[in-house]
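Visitor: Dropping the structure in here first, questions after.
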Amino acid sequence: MSVKTVLRLGDPKLRQTAQSVTAFDTPELHALITDMLDTMAHYHGAGLAAPQIGISLRVVIFAVDGNPRYPQAGQVPQTVLINPVITPIGETLASDWEGCLSVPGMRGVVSRHTDIHYAGFDQYGQRIERTAEQFHARVVQHECDHLDGLLYTDKLADPRQFGFEQELSMHGMLDHRTAD
Ligand code: NI
């Protein structure tokens with residue numbers, strides 16, 4: 001168990017396309033997930049993707065339960081999602097503020113599908129299939145983008161709606177969040 005360094009925007013490892021996991025329920029995979037859970041908890045992340053700790057595999061984790069960084073967010077069950085596939089349901093998009101542990105201290109508005117279906121596997125190779133909406137759907141889309149080398153800063157709805165969380169909050173900008 002250990003808290004890993006989270007790579008920050010500018011590190012080329014965040015821009016790689018991650019490889020699919022081919023072996024489940026292995027000591028290496030369990031160790032990776034333990035490290036990811038420890039790291040996410042330490043930094044109060046809503047989610048984390050393996051490339052953020054320098055491991056180029058298609059593994060994401062997410063959980064929201066009274067997260068101090070997202071005080072108005074609903075509950076998202078702690079999930080380990082491997083080799084994920086996301087399918088949008090309908091065409092409704094919503095814009096809301098996002099943050100990322102790889103872009104510390106900043107927030108930006110990103111447009112995402114409000115309703116998705118996602119599928120993949122847990123660390124034991126058990127199939128996961130779910131539908132998700134609103135914040136849950138947003139977190140899954142954000143984390144899975146990391147597996148394709150994308151960060152939310154690539155998808156800003158408007159570059160002017162991007163800045164330091166402290167300043168945005170001080171000036172009332174973050175009060176306009178709608179997706180919670
Ligand atoms: Ni992120």
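Each reported figure results from applying straightforward, stated rules to the coordinates on display, with no laboratory input. Every value quoted in this text rests on a predicted model; they were computed, and no experiment measured them. Note: ideal-geometry Cβ built from the backbone for every residue, glycine included; neighbour counts use all protein chains shown.
Visitor: Note down the magnitude of the dipole of the chain about its Cα centre, charges +1 on Lys and Arg C-beta and -1 on Asp and Glu C-beta and zero elsewhere, to the nearest 20 debye.
Guide: It works out to roughly 280 debye.
Visitor: So for the chain, what are the equivalent ellipsoid semi-axes in whole Å, largest first, each being the square root of 5 times an eigenvalue of the Cα gyration tensor?
Guide: For the chain, the ellipsoid semi-axes come out as 25, 18, 15 Å.
Visitor: Still on this model: Over all pairs of distinct alpha carbons, what does the Kirkwood formula give as the hydrodynamic radius of the range 71-114, in Å?
Guide: Across the range 71-114, the inverse of the average 1/r is 13.1 Å.
Visitor: Nearest 10 degrees is fine. How inclined is helix 134-147 to the longest principal axis of the chain, computing both from alpha carbons?
Guide: Computed tilt is about 60 degrees.
Visitor: Would you mind checking which residues have amide H under 5 Å from Met106's amide H? H placed 1.01 Å from N; only 5 or more apart, or other chain.
Guide: Under 5 Å from the amide H of Met106: Cys100, Glu165.
Visitor: I would also like to ask the following. Which Cα, out of Ala46, Val76, Leu14, lies furthest along the positive dipole direction of the range 12-170 (beta carbon charges, K/R +1, D/E -1)?
Guide: Selected residue: Leu14.
Visitor: Sticking with this one: Peptides 48-54, 154-160: what's the order by average Cβ count within 10 Å, highest mean first?
Guide: Going from most to least packed, we get 48-54, 154-160.
Visitor: Through the Karplus equation 6.51 cos²θ - 1.76 cosθ + 1.60, θ set to phi - 60°, convert the phi angles of the range 56-62 into ³J(HN,Hα) values in whole Hz; use x for Gly and Pro.
Guide: 8, 10, 7, 10, 10, 10, 7
Visitor: What ³J(HN,Hα) values, in whole Hz, does the Karplus curve 6.51 cos²θ - 1.76 cosθ + 1.60 give for the range 34-45 when θ = phi - 60°, with x put for Gly and Pro?
Guide: Running phi through 6.51 cos²θ - 1.76 cosθ + 1.60 with θ = phi - 60° gives 4, 4, 5, 5, 4, 5, 4, 5, 4, 9, 6, x Hz.
Visitor: Each residue of the range 94-104 in turn: what ³J(HN,Hα) in whole Hz from Karplus with 6.51, -1.76, 1.60 and θ = phi - 60°, glycine and Pro shown as x?
Guide: My calculation for the range 94-104 gives 9, 9, 7, 6, 10, x, 7, 5, 8, 10, x Hz in order.
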